[in-house]
Amino acid sequence: MEPNRHAMVDRRRFVRLFGATCVGASVAGCQGDSGGDSTPTDVATDDGTPTPSPAAAPTDSSATATPGDGSTGDGDGSGTDTPEPYSTELIRITAGGDDLGPRREQGHFYHESRDGDFDVVVHAMALEGTTGWEKAGIMVRDSLDPTAAHLMVRRNPDGDGVYDASPASIQWRAEGGGVNSAQRGIMAEWLRLRREGDTFRIYGSMTGADWEQFGEFTTDDVALGSETVVGLAVTGMEEYDDPTVTATFKDLSGLSPTENTDLGEPDHAGDVSVRDDLPAVTTGEPGRAPTELGLTGAVYLPDGVESADCYFEYRRNDADEWQTTDRWPVTSSRVFTATVDADTRRIYQVRARAEFSESSDAEGVDLGLGATAFCSTPSPTSGDGGEDGDSGDGDTGSLSPGVAEFAPGDGFADPAPWLDDDTPVVTITEPTVEELDRALKTPHERLVVFETSGVVDLGAEEWSITRDRCYVAGQTAPSPGITMIRGSFQVAADDCVVQHVRVRAGIAGQADGWAPTGLHTQDGSANNVIDHCTVTWAIDENLTVGGRSSNTTLTNNIAAKGLADATHPKGIHSYGSLIKDDARRVAMMGNVWAHNVGRNPRLKTGTTSTVVNNVMYHFDEATNLDSDSISSIVGNAYRRVDVGDANIEGGRAYLAGNETDPETPMTNGVESLSTRRIWPSGLEALAAAAAFDHALANAGARPADRTAHDRRLIRQVREGSGERIDAESEVGGYPDLPANTHDLSVPDSGTREWLREHSRRVEDGA
């Protein structure tokens, strides 16, 4: 019998079923009789044969987001309203149809009518018969009309039909008869849709215990009245050979469906089956030490299931293959444990497994896989995980990039305050989007290092950091570094640092309507740093800061050659940087904006910022401020203005030391402030002439190891030459850079100094 890869029971159920034995305990406390090897150990429960009881309900999250957001936040346990207890029933929905999407809406819906508030949670366990675009999840609708306004949180497979490989996402139709919209979210197997008054909040979780909000809508966003239809929705893809898909759900709460209906008129009718009292296995929280993992699982055997073979699978997060422990036969419900060897300062995935004996109750249904748990091993120098410790080398401050005048810590963000000598390391060994995505979405603080250089093809998609506390250290790659092409890169999380990478979006073979931003932070994000990156050939903006964000620092970057007459639906575009509405405390220092028509940068309504010692080169419009924005604009060099407009227009600003071409007015319509209202503590500005030379020497990814595109750009700015482009093909097309390799050894102590050494190597060639 092949176990189902998607089954999971949440950790709190594990605790309540089997007691707190070994859950979250030290490795030593979880070894039982195993003697420190990989042999599982039987740990009997109090009564020997526990039965499921409802898990504690999920708590609310304090994070907020808006339609189009991908922002996340950890649940704070402070919620007072909780869903109803989880059902023990297994729900299987078979659906035909041709997508719950923009073309037409067809599928199957298991539902009930609701008036007013609700809080629905479900574990979307499995999706069988997939081809790549099927969907399954929680939906609220205005009616059963296939064109009705609706909102859905869903899981769907990736383009190759793999259910686990694609993040949970959101779709909505703002009004009846309208067009569907969608946004990517976070990796999640548990889905939650909550209504409070006119507000709908969307959450995801890998465990059913730690919830992250990644969407928030109001009835102004989606036309849903008080009376709605709420349920589980599934769609197939009838255009393929297998016209139906089967979704498996468990642990439903907050909903008691009584009706099931085909939406639209699919060629193949759907169906619902509900079963109870089935076998299950769950994974407990691993214990950890520098060189060991304590693994804990639990198995539930209902009547009719005589036995199970229990074992664990585990792997480093940057490995492809799972390792397995020995198998252990059990004949009753119980906890089982094992201890395995591990590497220090690495993130591990672990999961409990069980293969059940054949029984009439379990036939055709396999719940033999527990949730995948993530954990990290600490440094051997501290041994305690270091959650509150310092860096180990006495430095808890900024990460100086070496020779550059502006360090990431000179702005408003506190760069990676969580980074210390216990921070786990994720190593990228091949320049592939699969390797990159795995590192970005790991649910743990992590330092991402590169043992390879080369080109990462983003496949005409946007790829995002979706988990907080991620440090992308492109300076650790061998020459010529990491270049991402044909897509967009986003920081959709908090407390992140991105250094020394290149993003070259381009047309990517797409039709009109393709309009990627190059590199940007997400709306609502906080405390992020983008330093020494090169971003070119975007079709919307090259480098952007999300709205309602806070404490963002952009230092020593190049944002250049936004494509002008390309595929943007609005026509001519070519913009440098957009600081979106209500972004607060944004510091931009030592950057080069070049060959962009406008937005160098644009500071939108409600923003507060510093724009200090940057170079703005070859533009129609440079720095534009909305009327209620506030900025300190100091020591910038404005060069080669194409039209006679002023360099700085609108808003309220403190102005000092900016230089421009003699024939170009510096300001127009700016309310001049007498004091620096917005200014990072301790920041000292250079004179504009010095800032020009400094930025050309230090800006962009790996300035001591520049690629041909970057060298040509810097030469143009220095010489006063060069033109805008409409396509990447005009400058030789996407680069073909070698995938060189080297071995990295992150030290057990002195992590920050180790990163500084790598920065110096690519910034001044030392």
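One table, with the values for the structure above:
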item	result
Total formal charge among the other residues, if their Cβ is under 12 angstrom from that of Thr218, Lys/Arg +1 and Asp/Glu -1	-3
Under 5 Å, built H, 5+ apart or other chain: amide partners of Ser307	Ser357
Mean separation of Cα contacts under 8 Å, 6 or more apart, over the residue count of the stretch 408-752: relative contact order %	15 percent
Note, ³J(HN,Hα) from phi for the stretch 528-544, Karplus 6.51, -1.76, 1.60, rounded to Hz, x at Gly and Pro	10, 10, 10, 9, 6, 10, 10, 10, 9, 6, 6, 10, 9, 10, 6, 9, 9
Long-range amide H partners of Tyr348 with built H, under 5 Å	Asn317, Cys375, Ser376, Thr377
Where N is the number of residues in the stretch 408-752, Cα Rg divided by 2.2 N^0.38 Å	0.92
Where GluC sites (Glu not before Pro) fall in DSSP loop in the stretch 289-357, at most 12 other Cβ within 10 Å	Glu306, Glu321
Per-residue HN-Hα couplings for the stretch 684-694 [Karplus 6.51, -1.76, 1.60; θ = phi - 60°; Hz; x = Gly/Pro]	10, 8, 8, 5, 4, 4, 5, 5, 4, 5, 5
Förster radius 51 Å - calculated FRET efficiency between Thr258 and Ala727, Cβ distance, rounded to 0.05	0.35
Residue-count net charge about Ser681 - beta-carbon cut-off 12 Å; Lys, Arg +1, Asp, Glu -1	-1
Chain lengthening between Val274 and Val643 when straightened (0.36 nm per residue, less Cα-Cα)	125.9 nm
Amide H within-cut-off set for Thr667, under 5 Å, with H built and near neighbours excluded	Asn647, Ile648
Whole-angstrom Cα spans of the stretch 213-351 along principal axes, big to small	55, 42, 36
Vicinal HN-Hα couplings computed from phi for the stretch 592-602 (Karplus, 6.51 cos²θ - 1.76 cosθ + 1.60; Hz; Gly/Pro x)	10, 9, 9, 6, 10, 4, x, 6, 10, x, 9
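Bear in mind these aren't lab numbers, they're just calculated from the coordinates by the rules spelled out. What you are looking at is a predicted structure, and each value in this text was computed from that prediction instead of being measured. As a convention, Cβ positions derive from the backbone with ideal geometry for all residues, glycine included, and neighbour counts pool all protein chains shown.
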